[in-house]
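Each remark here refers to the structure printed beneath this line.
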Amino acid sequence: SCSLRNRGIQIEFIRRAFLDTIGVLPTSEETRAFLADSAADKRDRLIERLLQRPEFIDYWSYKWSDLLLVTKRKLKPAAMWAYYEWIRNAVATNMPYDKFAFDILTASGSNVANPPASYFKVLRTPDAVMENIIGAEHDAWLAYAGRRAGLHLYGKGEARPGRKMGHVTQVFTE
């Protein structure tokens, strides 16, 4: 009974690992090999193998593309493919999430030359977006001021949590 319970737990683990990591079920051969493996680190090794499979890049590129609304309904073909390829490259190179988010949220200009700018093209109209700078965000915006957006600081001195320090206007062109 304990052995059957453990077997069920192992089958559930491999099934979830495959579905959550690469979006497909394991083959019967993969399941049998996993169940036959008695090594204590078999779960860790399975996950490492799944992360190295090409399906991992395909699956997570698709998931991110869906989440970030990569669509030809709002993007011209060149911009859409540039956006998708940027996302796919971010997944393939294991770009850290903070850099991924920063690149998207600070993108401006041509969404063909700078594909993350497509995020704002898809979600927002008109072609200019104003974002408030609150508290500690002040330093992050200064890091790229003048190069990617119009920055307007209110000259309030010390940045405190919740205090509006200025705004950034991003203009998008295709």
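Of note:
- Residues that are out of contact with any Lys or Arg (no Cβ under 7 Å at 6 or more places or on another chain), open to solvent by less than 20 Å² (accessible area, probe 1.4 Å) and in contact (Cβ under 8 Å) with a residue 40 or more places away in the chain, drawn from region 110-120: 117, 118, 120
- Taking region 24-33 as the range and being over 13 Å from residue 59 (Cβ atoms) and assigned to a loop (DSSP other than H, G, I, E, B) as the test, the residues that pass are 26, 27.
- Pairs with Cβ under 9 Å, 6+ apart, first in region 32-48 and within 18 Å of residue 5 (Cβ to Cβ), second at pLDDT 95 or above and part of a loop (DSSP other than H, G, I, E, B): 34/26
- Test for residue 160: is it at pLDDT 95 or above and among the basic types (Lys, Arg): no
- Residues being over 11 Å from residue 118 (Cβ atoms) and either in contact (Cβ under 8 Å) with a residue 12 or more places away in the chain or crowded, with 19+ Cβ neighbours inside 10 Å (or both) - total across region 64-84: 1
- Residues in region 85-106 that are touching a residue at least 24 places away in the same chain (Cβ under 8 Å) and under 18 Å from residue 61 (Cβ atoms): 85, 86, 87, 88, 90, 91, 92, 104.
- There is no residue in region 2-23 that is among the aliphatic types (A, V, I, L, M), open to solvent by less than 90 Å² (accessible area, probe 1.4 Å) and not in a helix (DSSP H, G or I).
- Restricting region 28-58 to residues that are under 15 Å from residue 94 (Cα atoms) and in contact with a Lys or Arg (Cβ under 9 Å, 6 or more places away or on another chain) leaves a set whose member that is most open to solvent (accessible area, probe 1.4 Å) is 58.
- Taking (1) in contact with a Ser or Thr (Cβ under 9 Å, 6 or more places away or on another chain); (2) at pLDDT below 95; (3) surrounded by 14 or more Cβ atoms within 10 Å (Cβ to Cβ) in turn, residue 87 satisfies each apart from (2).
- Of the residues screened, residue 17 is one that is in contact with a Leu (Cβ under 7 Å, 6 or more places away or on another chain) and of a type in the set (Gly, Ala, Ser).
- Hits in region 93-128 - residues which are under 21 Å from residue 64 (Cβ atoms) and modelled with pLDDT under 80: 123, 124
The values are calculated or read from the model by the stated rules, or taken from the named source; none is laboratory data. Here the structure is a predicted model, which is why all the values come from computation and not from measurement. Here Cβ is always computed from backbone atoms with ideal geometry, including for glycine, and neighbour counts include all displayed protein chains. Accessible surface is based on the protein model in full, side chains and every heavy atom, while ligands, DNA and RNA are left aside. Shrake-Rupley method; radii C 1.70, N 1.55, O 1.52, S 1.80 Å.
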